[in-house]
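These notes are about the structure you will find just below.
Here, each number is a calculation from the coordinates, and none is a lab measurement. Just so it is clear, the model here is predicted, and its values are computed rather than measured.
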Amino acid sequence: MARNLKRQPWNPFSYLDRKAKHLPKNVLVGLLFFIAAITALNSEKQRMDLRTLGMQAQVKADQETIYKWEQLAQERPDYRDGWIQLAVAYYKSSDKEKALWALQKAKEIDPNNETLLKIEKLWGN
């Protein structure tokens with residue numbers, strides 16, 4: 001009696017399929033930890049990239065603000081509040097020398113202004 005066996009096509013992964021059933025659990029756990037670590041590193045890199053982009057956008061916004069207040073101070077040199085805003089923008093961009101200069105310009109216009117006195121006190125002048 002001849003059996004009617006259907007011939008299976010050759011599967012190059014059949015050896016791996018048989019071995020995968022016998023992989024030690026510690027190898028599988030290690031592989032899972034490796035994948036989790038790679039995913040965590042990738043998400044941290046994305047967070048750092050976004051933070052860097054945010055800082056770059058903030059610096060650009062600060063530079064644009066400074067430029068606008070500088071233009072206004074040139075157009076209206078007697079506008080005290082423009083000089084105060086320019087001083088604050090310089091101070092935020094860590095240019096304390098220019099901030100003090102702009103603050104002095106505002107003080108020349110209105111030496112008894114309460115806002116100027118508060119800013120000087122806050123900045124320690």
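Listed values, structure above:
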read-out: Under the Karplus curve 6.51 cos²θ - 1.76 cosθ + 1.60, θ = phi - 60°, whole-Hz ³J(HN,Hα) for region 86-103, x wherever Gly or Pro sits; value: 5, 4, 5, 5, 4, 4, 5, 8, 6, 9, 5, 5, 5, 4, 5, 4, 5, 5
read-out: Note, ³J(HN,Hα) from phi for region 108-118, Karplus 6.51, -1.76, 1.60, rounded to Hz, x at Gly and Pro; value: 5, 6, 9, x, 9, 5, 5, 4, 4, 5, 5
